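I have placed the structure first, in the form of structure tokens, so that the comments after it can refer back to it.
The values are calculated or read from the model by the stated rules, or taken from the named source; none is laboratory data. Quick caveat: nothing in here was measured; it's all calculated off a predicted structure. Glycine gets a Cβ as well: all are built from the backbone with ideal geometry, and neighbour counts include every protein chain shown.
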Amino acid sequence: MTRITPLITALALLGVSVQAIDFTQLSAAKRLRADKRYDEAIQKLEGMAAKADEAGENFTYLDFAIDVAVDSLKSPEKALALVAAVKDPVHRDFARLRVLADFERYDEALASVQGKEIDAWPVRCRSQAHSILAGIYHAKKDAVAELQQWQLTADAPGAEVGVRGRALRELGVLNLKQGNAKEAEEQFRKAVQVTPANYAWRVESLIALSRLLIESQRGREAVKAFDGTDFTKVTSLTSRANLIEAYARALLAAGKKIKAIETFDQLLQLDIPTEWKDRINKELDQMAETF
């Protein structure tokens, strides 16, 4: 039941009646994709979309078909043909933006939303559209426009956890690059507070926050930032190792040398690259000389 909940929530944000969705046929299409029968999966989804009475239901099937065309077939022609079949003009605009951005046709993507009222789009489309535009401006090295779009993403009502969290993390990074440490700290703190789950953007935000606090001589605050963190629940080995190292450095900055050494030792127990272990061991040797 819990595995279905995120999909139901997403459909609700898109204004789709959950009762209208044929989950049995949708699952069948997913199995076809898993079996790498991509054309069959798309054909099934197109047939379902053509019979759909609701515009939202129509988009749900075609959105999945577009995923297959983009990620599996890597065919812009097929993806854009599917976009054209979307009944609702707003969802069609969103789908076109997404496909053009995915294939790095950035100028076309920007032109496709020129004059469009993105903030009047369905909630889920709205936040994702702004994040897509932020990614485009990042690729075009327009930091001002990128920051604006990430802010719009973060502020969008009902934005998905992952979309909002990443937006806040990116806002922190951009503000830090611009020398605005105070604003960067605020954005990193907001990102960490979005969810306790160990998403990559949250881990990166926590590490960046602790580093920023250490640099501003606030070691105790840096340690406190890790309160409630369960390192064992971070599934990515690299992310867990980076997080543990950041915590150890926060402890050092707070004057908790013994606890820091113990934490560095936890890091060394992980299966991290030899170069990484050598660097930590060298630092520990230097610490031992001045203990």
*Confirm whether residue 267 is under 19 Å from residue 199 (Cβ atoms), touching a residue at least 12 places away in the same chain (Cβ under 8 Å) and surrounded by 14 or more Cβ atoms within 10 Å (Cβ to Cβ).*
no
_segment 196-211 - residue that is modelled with pLDDT of 95 or more and polar (S, T, N, Q) and, of those, nearest to residue 249 (Cα to Cα)_ = 210
*Only helices (runs of 4 or more DSSP H) wholly contained in segment 84-169 count here; list those with 1 or more residues that are under 21 Å from residue 180 (Cβ atoms) and without any contact (Cβ under 8 Å) to a residue 40 or more places away in the chain.*
123-139, 143-155
*Are any of the residues in segment 186-202 surrounded by 21 or more Cβ atoms within 10 Å (Cβ to Cβ), on the phi < 0 side of the Ramachandran plot and hydroxyl-bearing (Ser, Thr, Tyr)?*
no
_Pair list, Cβ < 9 Å and 6+ apart or interchain, from segment 36-50 residues that are within 16 Å of residue 24 (Cα to Cα) to residues that are outside any helix (DSSP H, G or I) and among the aliphatic types (A, V, I, L, M)_ = 42/73; 46/85; 49/85; 49/86
*Here is a list of conditions, (1) closer than 22 Å to residue 287 by Cβ; (2) modelled with pLDDT under 95, and residue 254 meets all of them except one; can you say which number that is?*
(2)
